[in-house]
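As structure tokens, the structure follows; a few thoughts come after it.
The values are calculated or read from the model by the stated rules, or taken from the named source; none is laboratory data. The structure presented is a predicted model; accordingly, all values stated were derived computationally and were not measured. Protein only, heavy atoms only, side chains kept; ligands, DNA and RNA dropped before computing areas. Shrake-Rupley method; radii C 1.70, N 1.55, O 1.52, S 1.80 Å.
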Amino acid sequence: MQHKYQVNLTYQLNISDDTLRYELQADLYRVVFEAVTSVVLKDSGRNFKVVLQIFKNKIWLNIYDDCQGFSHFDSKINFDISMYYIRQIAKKHNGSINTFKEQDDGSQLVLSLPLP
């Protein structure tokens, strides 16, 4: 994604590879891919930060952007196929999705999943 769409993607992974099942790792990757791609294709953002951590017996995936690209993700009526995939992954793992507007004109997508 970095090369194809000319985006800056930084990440902070606070979970070792062997902690999560392969299927869950693939689903988390899919969430990141779909979220970032959706925002980029809407010509909304170019700088993203991904943070993956375990806190209070949950897996937290936070994706930050430098615009309001994730603000449309909380719409129940007007959403794209990327949001559909993300919601299906959250549902599959009994998780939840939230979006937040940041003070510096950015936004954040948060996916929390209970530890298996």
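The stretch between residue 37 and residue 96, if pulled fully straight at 0.36 nm per residue, gains 19.2 nm over its current Cα-Cα span.
State in Å² the accessible area per residue of the chain; use a 1.4 Å probe, count heavy atoms of protein chains only, and round to the nearest integer. All intermediate terms of the calculation are to be shown ahead of the outcome.
On the way: 7120 Å² over 116 residues.
Roughly 61 Å² per residue, with all protein chains present.
Given their separation in residues at 0.36 nm each and the Cα-Cα distance between them, residue 21 and residue 46 gain 6.0 nm when the chain is fully extended.
How far is helix 22-41 tilted, in degrees, relative to the longest principal axis of the Cα atoms in the chain, given as a value from 0 to 90 rounded to the nearest 10? On a 0 to 90 degree scale, this one is about 10. Rolling a 1.4 angstrom probe over the chain with all protein chains present gives an accessible area of which 50% lies on carbon and sulfur atoms.
Using only DSSP helix segments of four residues or longer, with each worth -39500 (n - 2.57), what per-residue ellipticity at 222 nm results for the chain after dividing by its residue count and rounding to 500? Numbers along the way, then the final one.
On the way: 3 runs with 36 residues, N = 116.
Per the formula, -9500 deg cm²/dmol.
With a ≥ b ≥ c taken as the square roots of the eigenvalues of the C-alpha gyration tensor of the range 1-95, please select rounded if a/c is under 1.5 and otherwise prolate if a/b is larger than b/c or oblate if it is not?
Details: a/c = 1.86, a/b = 1.28, b/c = 1.46.
Since a/c reaches 1.5 but b/c is at least a/b, the shape of the range 1-95 is classed as oblate.
Figure the gain on full extension for residue 104 and residue 30 (residue separation times 0.36 nm, minus the Cα-Cα span) and round it to one decimal in nm.
Here the answer is 24.0 nm.
With a/c under 1.5 counting as rounded, go ahead and sort the range 1-56 into rounded, prolate or oblate using the C-alpha gyration tensor (a ≥ b ≥ c being the square roots of the eigenvalues; past the cut-off, prolate if a/b is larger than b/c, else oblate).
The shape class here is prolate.
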